1. Taking the condition of being loosely packed, with under 15 Cβ neighbours inside 10 Å, out of contact with any Asp or Glu (no Cβ under 9 Å at 6 or more places or on another chain) and touching a residue at least 24 places away in the same chain (Cβ under 8 Å), how many residues in the stretch 112-130 meet it?
2. Of the residues that make up the stretch 16-33, is at least one modelled with pLDDT under 70 and basic (Lys, Arg)?
3. Being part of a loop (DSSP other than H, G, I, E, B) and within 21 Å of MET115 (Cα to Cα) is the filter; apply it to the stretch 131-167 and report the residue that is most open to solvent (accessible area, probe 1.4 Å).
4. PHE107 - would you say it is of a type outside the set (S, T, N, Q), free of Cβ contacts under 8 Å to residues at least 24 places away in the same chain and open to solvent by less than 50 Å² (accessible area, probe 1.4 Å)?
5. Of all residues in the stretch 48-91, count the ones that are charged (D, E, K, R), more than 19 Å from ILE129 (Cα to Cα) and either open to solvent by less than 30 Å² (accessible area, probe 1.4 Å) or in a loop (DSSP other than H, G, I, E, B) (or both).
6. Considering only the stretch 103-112, I want to know if a residue exists there that is touching a Ser or Thr at 6+ places or on another chain (Cβ under 9 Å), closer than 14 Å to VAL78 by Cβ and not in a loop (DSSP other than H, G, I, E, B).
7. Please name all residue pairs, on different chains or six or more residues apart, with Cβ atoms under 6 Å, provided the first residue is in the stretch 153-165 and is closer than 19 Å to ILE129 by Cβ and the second residue is part of a loop (DSSP other than H, G, I, E, B) and open to solvent by less than 80 Å² (accessible area, probe 1.4 Å).
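The values are calculated or read from the model by the stated rules, or taken from the named source; none is laboratory data. Everything numeric in this text was worked out from a predicted model, so none of it was measured. With ideal geometry, Cβ positions are generated from the backbone for all residues, glycine too; neighbour counts draw on all protein chains shown. All accessible areas refer to the heavy atoms of the entire protein, side chains included, with ligands and DNA or RNA removed. Shrake-Rupley method; radii C 1.70, N 1.55, O 1.52, S 1.80 Å.
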Amino acid sequence: MERELKERRKRETKVREDRTAEESLPLQETPPWQCEHYQRRCTVKFPCCGVFYPCERCHNLSETCPANDKKARHATHVKCRSCGREEEINEESQTCKRCGVKLSEYFCPKCKHFMGIDKNPFHCEKCKICRFYKDRSFHCDVCNVCMEKRMEGKHECRPNSGHDDCCICLEVIIDHI
């Protein structure tokens, strides 16, 4: 009970600090990137804790929420860092409806990814996830996974092997759920 109270106070303090930081920004200025993981002008909220984080990776690394396995697609709401508007993530979430700021250069409404375009991201309909380097990738229909173009026609296909467990840690590599 005491631990929960401490964690709640810590979350509330963080929310107050975030709110204060947002309120001090002029509306026209774009804030710097909030974390090292993604280039975005927004924060996202997860239902497990109800707190806004710079990204799902920052959420998973935080000690304020016991859930440390969230993916971008688990986020439910987005908050603009320029004006503080909160809204449910939907098809039109790339641009803030209040101030018109583009929250990220790349947005995937299916995966709920907000990120920069420096790694040329794309959503592979066959893999059902976002990938990097569209210009350097192809989807092997036999292996059922995206690979580097240098491997096109030069790898040994194994049916649906792109969805095997990792041979090192035996964890699921691609999780669509």
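1. Residues in the stretch 112-130 being loosely packed, with under 15 Cβ neighbours inside 10 Å, out of contact with any Asp or Glu (no Cβ under 9 Å at 6 or more places or on another chain) and touching a residue at least 24 places away in the same chain (Cβ under 8 Å): 1 in total.
2. Yes, that holds for at least one residue.
3. PHE132
4. On the way: of a type outside the set (S, T, N, Q): yes; free of Cβ contacts under 8 Å to residues at least 24 places away in the same chain: yes; open to solvent by less than 50 Å² (accessible area, probe 1.4 Å): yes.
Yes; evaluated as a whole, the condition is true for this residue.
5. Initially, the stretch 48-91 is screened for residues charged (D, E, K, R), giving 56-57, 63, 69-71, 73, 79, 81, 85-88, 91.
Those left that are additionally more than 19 Å from ILE129 (Cα to Cα): 63, 79, 81, 85-88.
Keeping just the survivors that are either open to solvent by less than 30 Å² (accessible area, probe 1.4 Å) or in a loop (DSSP other than H, G, I, E, B) (or both) gives 63, 79, 81, 85, 87.
Of the residues in the stretch 48-91, 5 are charged (D, E, K, R), more than 19 Å from ILE129 (Cα to Cα) and either open to solvent by less than 30 Å² (accessible area, probe 1.4 Å) or in a loop (DSSP other than H, G, I, E, B) (or both).
6. Kept after step one, since they are touching a Ser or Thr at 6+ places or on another chain (Cβ under 9 Å), are these residues of the stretch 103-112: 103, 107, 109, 112.
Restricting the remaining residues to those that are closer than 14 Å to VAL78 by Cβ gives 103, 107, 109, 112.
Filter once more, so that each one left must be not in a loop (DSSP other than H, G, I, E, B): 107.
Yes, the conditions are met somewhere in the stretch 103-112.
7. ASN160/ASN144; SER161/CYS143; GLY162/CYS143; GLY162/ASN144; HIS163/ILE174
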